[in-house]
Amino acid sequence: MPRHLFLDSGFLEHAYQNKAFPIGAGQTISHPYTVAFQSQLLEVMPGQRILEIGTGSGYQCAVLIKMKAQVYTIERQNELYKKTTQLFKKLFYRPRKFVFGDGYKGLPDQGPFDGIIVTCGATDIPKALLAQLKIGGRMVIPVGDDSQIMTLIIRESESKFVKSTFGEFRFVPFLDGKE
Ligand code: SAH
């Protein structure tokens, strides 16, 4: 995935280093390693419906589209929503739906999803998102305040959610509401 396309032109030399980088509105594109790590934990199969919280630059979304997922993605920052809408058009990446809104609520009218990926640091696991996960579905969410523990939740039945953890990462915060 050509990561430089998701950064403002002029930052080419930063695009292929394993680091986060500012994308505007105080947000960052994730480390390539983090995008790979989360994508792998999600175990996407072609055609699956995946909900992403935190579209940002669109990079993680584009990786999931390349993995043949049908991606539903939500961004709360209007500036990024507009910028990334233009970029998707230009690059011909087509999420199934790109919504300007609050990811805490998910997309109840579009669920349930085979997978949910949260790309911002959550202090708690939103109940609304758990409710939108299919039985057998996987949710990948970094949980914590200053730094986050990568957490995988597999929904085994209507009421049984099995959690496992995968080490420390650092994300921008998962915030309420939209701006
Ligand atoms: N997946 C992005 C990562 C961007 S950083 C990429 O590949 O570039 C995380 C993003 O989550 C930021 O753009 C931030 O605005 C967004 N975010 C934070 N809280 C959110 C919420 N409640 N709903 C939707 N997006 C949110």
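The values are calculated or read from the model by the stated rules, or taken from the named source; none is laboratory data. Every value quoted in this text rests on a predicted model; they were computed, and no experiment measured them. When we count neighbours, we look across all protein chains shown, and the Cβ atoms used for this are built from the backbone with ideal geometry, even at glycine. Note: accessible area is taken over every heavy atom of the protein model, side chains too, but ligands, DNA and RNA are not part of it. Shrake-Rupley method; radii C 1.70, N 1.55, O 1.52, S 1.80 Å.
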Residues satisfying the stated conditions in the range 44-77, i.e. open to solvent by 30 Å² or more (accessible area, probe 1.4 Å) and either under 18 Å from Arg138 (Cα atoms) or near the ligand (Cβ under 10 Å from one of its atoms) (or both): Met45, Pro46, Gly47, Gln48, Arg49, Ile65, Met67, Lys68, Gln70, Arg76
Which number in (1) open to solvent by 40 Å² or more (accessible area, probe 1.4 Å); (2) within 20 Å of Pro46 (Cα to Cα) marks the one condition that Gly111 misses? (1)
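Per-residue answers, yes or no, for (1) at pLDDT 95 or above; (2) surrounded by fewer than 16 Cβ atoms within 10 Å (Cβ to Cβ):
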residue	(1), (2)
Pro2	no, yes
Gln17	no, yes
Ala20	no, no
Ile29	no, no
Thr34	yes, no
Leu42	yes, no
Of (1) more than 12 Å from the ligand (Cβ to nearest atom); (2) within 15 Å of the chain's Cα centre (by Cα), Pro112 satisfies every one except (2)
Assuming Lys82 fulfils every condition listed in (1) free of Cβ contacts under 8 Å to residues at least 12 places away in the same chain; (2) within 13 Å of the ligand (Cβ to nearest atom); (3) within 25 Å of Ile149 (Cα to Cα); (4) part of a helix (DSSP H, G or I) apart from one, which condition is it? (3)
If you check Cys120 against the conditions, is it among the hydrophobic types (A, V, I, L, M, F, W, C), modelled with pLDDT of 95 or more, near the ligand (Cβ under 9 Å from one of its atoms) and over 17 Å from Leu152 (Cα atoms)? no
Could you count how many residues in the range 147-179 are in contact with a Phe, Trp or Tyr (Cβ under 9 Å, 6 or more places away or on another chain), in a loop (DSSP other than H, G, I, E, B) and more than 16 Å from the ligand (Cβ to nearest atom)? 0
What do you reckon, is Ile141 open to solvent by less than 60 Å² (accessible area, probe 1.4 Å), within 13 Å of the ligand (Cβ to nearest atom) and in a strand (DSSP E or B)? yes
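Yes or no, residue by residue, for (1) in contact (Cβ under 8 Å) with a residue 12 or more places away in the chain; (2) hydrophobic (A, V, I, L, M, F, W, C):
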| site | (1), (2) |
| --- | --- |
| Val118 | yes, yes |
| Asp145 | yes, no |
| Thr151 | yes, no |
| Lys160 | no, no |
| Phe169 | yes, yes |
Contact list, first residue from the range 44-59 and more than 20 Å from Ile125 (Cβ to Cβ), second anywhere and part of a loop (DSSP other than H, G, I, E, B), beta-carbon distance below 6 Å, six or more apart or interchain, is Val44/Met67; Val44/Ala69; Pro46/Lys68; Gln48/Ala69
So which residues in the range 6-15 are more than 13 Å from the ligand (Cβ to nearest atom) and either crowded, with 18+ Cβ neighbours inside 10 Å or of a type in the set (Gly, Ala, Ser) (or both), if there are any at all? Ser9, Gly10
